[in-house]
Amino acid sequence: MQKFVLLNGKEFSVYEDSIQKDVCMIDAGREDLVVSAPGLGFAGELVDSKDGKTYVFSRLNHATAESLRKLFPWTAPSRVLGRDKTMGVGDRLGVAGDGHIRVFKKFPEITPILAQQSIRELTLTNRTFADVLDSATFAVFRNGFTTGWGADGDHVKTAEEVEYALTSGYTMITMDCSEHIDNTIEALSSEEVNKKYVKNAELEALYLGKSFDIGNGVTISFDEDLFRRTVLIYAEAVDYAEGIYKKHVAPGGVARADFEVSIDETMTPTIPAQHFFVSSELTRRGVKVATVAPRFCGEFQKGIDYIGDLDQFEREMRVHAQIARHFGYKLSIHSGSDKFSAFPSSGRETQGRFHLKTAGTNWLEAVRLIAVKDPALYRGIHKYALEAFKEASKYYHVTTDLTKIPDIDTLTDAQLPDLFKNNDSRQLIHITYGLILNLKDEFGRFVFKDRMYSLWRTYREDYAEYLFNHIGHHASAILLK
Ligand code: ZN
């Protein structure tokens with residue numbers, strides 16, 4: 001490893017992959033710094049090195065990230081969603097970039113969306129879109145990852161949130177239409193549906209009683225009941241997505257970012273004909289989507305494998321994928337963390353054109369690292385998570401059974417990492433992350449957060465290896481054999 005030696009003899013290790021002409025990143029112990037020749041636009045402290053030259057030492061703040069993005073365009077996100085294979089790997093904590101990039105250097109056919117955060121995640125981690133983007137820029141620079149990556153304003157719901165992501169430099173918008181999807185319709189009888197339905201002559205002429213042959217042996221048709229239900233559930237969501245797209249994402253017809261429409265955060269699965277209706281309507285109205293995320297059958301719960309009938313999943317995946325191909329976009333698979341049994345058919349049926357989103361699984365790996373390296377700290381986190389679970393479960397659909405988690409006081413330190421093989425235990429830690437990170441004592445100091453970050457800093461090489469293996473397992477499972 002190359003050393004950067006100061007005039008006073010102090011030495012720093014240089015990250016080999018970060019070395020560019022006149023700029024590199026060094027490990028300064030508790031933090032990393034960008035070192036550059038003067039005059040390249042970096043603000044910071046002037047330092048004399050042993051080779052007789054003066055350099056600028058810059059902390060990893062927003063100004064430094066902006067300077068990097070200006071000087072090295074590949075450290076800025078770009079619109080990559082049109083590539084065949086993309087994978088969103090949100091880095092909630094801002095420490096997962098090195099491990100993630102290691103995966104995509106091994107699987108260069110998949111392009112990552114390295115910055116990917118929802119408003120809920122920003123709030124729970126006290127971060128901003130800018131901060132999340134900057135962390136990704138630093139990881140990209142540190143690792144010399146020059147082949148492109150994206151930034152996703154994930155599950156944004158309002159015009160303000162869309163603008164917030166776009167003005168922060170995000171290259172993808174995931175438009176969450178869930179608040180405009182009527183979840184009460186699915187359970188209604190045909191008579192009740194008929195009563196609720198308000199005649200829409202335009203849509204009736206287009207869909208009612210019609211059949212659509214979309215190729216590959218797939219025909220979509222709407223009888224009266226399905227048509228009325230579909231309109232009642234999705235018509236408003238389509239209107240909403242169209243309005244946001246035209247006013248904010250593509251004003252004047254030129255898109256400022258890749259646009260994904262997400263209808264996955266709903267109570268009931270999107271049946272293929274409904275997916276067809278949404279896409280057909282978006283297309284007819286001139287909304288150009290890069291991806292659509294339906295809610296698949298079965299359950300895609302956080303941080304654990306697929307729950308449900310895999311044959312049915314594969315059959316429906318085939319139709320969803322054909323609908324996407326028919327309209328010329330990619331299928332987006334959300335809540336993709338750890339859905340190992342569903343990946344092979346997803347890769348096959350999409351014919352290798354997909355967007356796979358994972359998010360919280362890198363948090364679970366980060367906490368598993370704590371269980372390995374600092375058992376006492378993990379025990380404290382685990383006990384607090386049990387107390388906080390009820391509060392956290394208001395925001396997630398999970399079927400966690402806390403009684404299936406062994407009493408941590410009966411486990412030896414060496415047994416603690418095995419808790420991450422237990423689905424109930426995984427979900428316990430998965431959904432309580434915000435409360436764990438934010439817990440403060442009576443003096444206003446963080447109970448866990450600072451110790452956790454300091455451990456992640458110390459063992460960052462181990463964490464990168466954990467992610468390389470775990471996220472790498474996702475990548476290899478969805479790639480066609
Ligand atoms: Zn989603």
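The values are calculated or read from the model by the stated rules, or taken from the named source; none is laboratory data. None of the values given here were measured: they were computed from a predicted structure. Here the Cβ is made from the backbone with ideal geometry for all residues, glycine too, and neighbour counts use every protein chain on show. The area values use the complete protein model at the heavy-atom level, side chains included, leaving out ligands, DNA and RNA. Shrake-Rupley method; radii C 1.70, N 1.55, O 1.52, S 1.80 Å.
List of remarks:
- Angle in degrees between helix 361-373 and the longest Cα principal axis of the chain, rounded to the nearest 10: 40 degrees
- Alpha-carbon Rg with Dmax, taken over region 347-481, Å: 16.4, 56
- For region 312-404, the number of Lys pairs separated by eight or more positions or lying on different chains, with C-alpha atoms closer than 28 Å, is 17.
- Estimated translational D of region 141-244 in µm²/s (Stokes, Kirkwood radius over Cα pairs; 25 °C; 0.890 mPa s): 146 µm²/s
- Sulfur and carbon atoms: percent of accessible area, the chain [1.4 Å]: 52 percent
- Table column - 3J(HN,Hα) (Hz), region 68-77, Karplus curve with 6.51, -1.76, 1.60, x for Gly and Pro: 4, 5, 5, 7, 10, x, 6, 8, 9, x
- For the chain, a Kirkwood hydrodynamic radius built from all Cα pairs, placed in the Stokes-Einstein relation at 37 °C and 0.692 mPa s, yields a translational diffusion coefficient of 137 µm²/s.
- Based on protein heavy atoms only, the chain ends up with 42 Å² per residue of surface accessible to a 1.4 Å probe.
- Ordering of 221-233, 438-450 by burial proxy (mean other Cβ atoms within 10 Å per residue, highest first): 221-233, 438-450
- Cα extents for region 263-314 along the principal axes, largest to smallest and rounded to whole angstrom: 37, 21, 18.
- Amide H contacts under 5 Å for Met87: Thr111, Ile113, Leu356, restricted to partners 5 or more places along the chain or on a different chain, H placed in the peptide plane at 1.01 Å from N.
- Highest to lowest packing among 264-272, 119-127, 349-357, 249-257, scored as the average C-beta count within 10 Å: 349-357, 264-272, 119-127, 249-257
- Think of it as helices only: each DSSP H run of n ≥ 4 in the chain is worth -39500 (n - 2.57), and spread over all residues that comes to -12500 deg cm²/dmol at 222 nm.
- As a ratio to 2.2 N^0.38 Å, the alpha-carbon radius of gyration computed for region 1-46 takes the value 1.11.
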